[in-house]
Amino acid sequence: MNNDKATRIRLISTGALLALGAVLIVLSLAADRLGLDITPGFGVIQMVLFLIGISCLTLAGFLYLQSLKRPDAPRSLQADIGVRLSATGLVFAYVAGLSDLIGIGTHVQPNFERPFVGPLQIGGIALGCIMIVLGMLLYHTSRRVQRSSSLEFLLRQQQEPGNHAH
């Protein structure tokens, strides 16, 4: 009964984060079409909403992937690396998206009145999103169904007779 309640709460949380992330991303990308843009171009508020939307989708993805794992499955190094890679990708996306505001972008004050989303920022956000997806793939392929790690072949190779690892 307690496990059933926890599963239901996790499912509701995952769905809410997924919906919130999708809505924030759509609102930020379509603000000018919806008449919600305050400034011309892609502004700071839109970028922040976009990045929060990516964060919500990332969290929803990991909650879903965690629900696929058996409760008694041991943690693996591969899963930990996947979580850290996704977190690094998220930080990378935030830094790229807010680079003008934190003073490391190409359109900083006093020469430019307002931040501008250029190709370098878009590329940095895309690279961050790729890192997030790769981290999720590492997490998903770790110990989801099988009893052992998907990297167990390394251990077997070292234990074979006549195979001397240095």
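Check residue 62 against each of (1) assigned by TED's automatic domain parsing to the domain that holds residue 139; (2) in contact (Cβ under 8 Å) with a residue 60 or more places away in the chain and name the one condition it does not meet.
Going through (1) assigned by TED's automatic domain parsing to the domain that holds residue 139; (2) in contact (Cβ under 8 Å) with a residue 60 or more places away in the chain one by one, residue 62 breaks only (1).
Here are some residues: 106, 88. Which one is surrounded by fewer than 15 Cβ atoms within 10 Å (Cβ to Cβ), farther than 18 Å from residue 28 by Cβ and either under 9 Å from the mean Cα position of the chain (by Cα) or at pLDDT 90 or above (or both)?
88 is the lone residue from the list that is surrounded by fewer than 15 Cβ atoms within 10 Å (Cβ to Cβ), farther than 18 Å from residue 28 by Cβ and either under 9 Å from the mean Cα position of the chain (by Cα) or at pLDDT 90 or above (or both).
Does at least one position in the range 93-103 carry a residue that is within 10 Å of the chain's Cα centre (by Cα) and modelled with pLDDT of 90 or more?
The answer is yes, given that some residue of the range 93-103 is within 10 Å of the chain's Cα centre (by Cα) and modelled with pLDDT of 90 or more.
Listed residues 60, 79; which is crowded, with 19+ Cβ neighbours inside 10 Å, modelled with pLDDT under 95 and assigned to a helix (DSSP H, G or I)?
Just one listed residue meets the conditions, 79.
The values are calculated or read from the model by the stated rules, or taken from the named source; none is laboratory data. Source: prediction; values computed, not measured. Every residue, glycine as well, gets a Cβ built from its backbone with ideal geometry; the counts of neighbours run over all protein chains shown.
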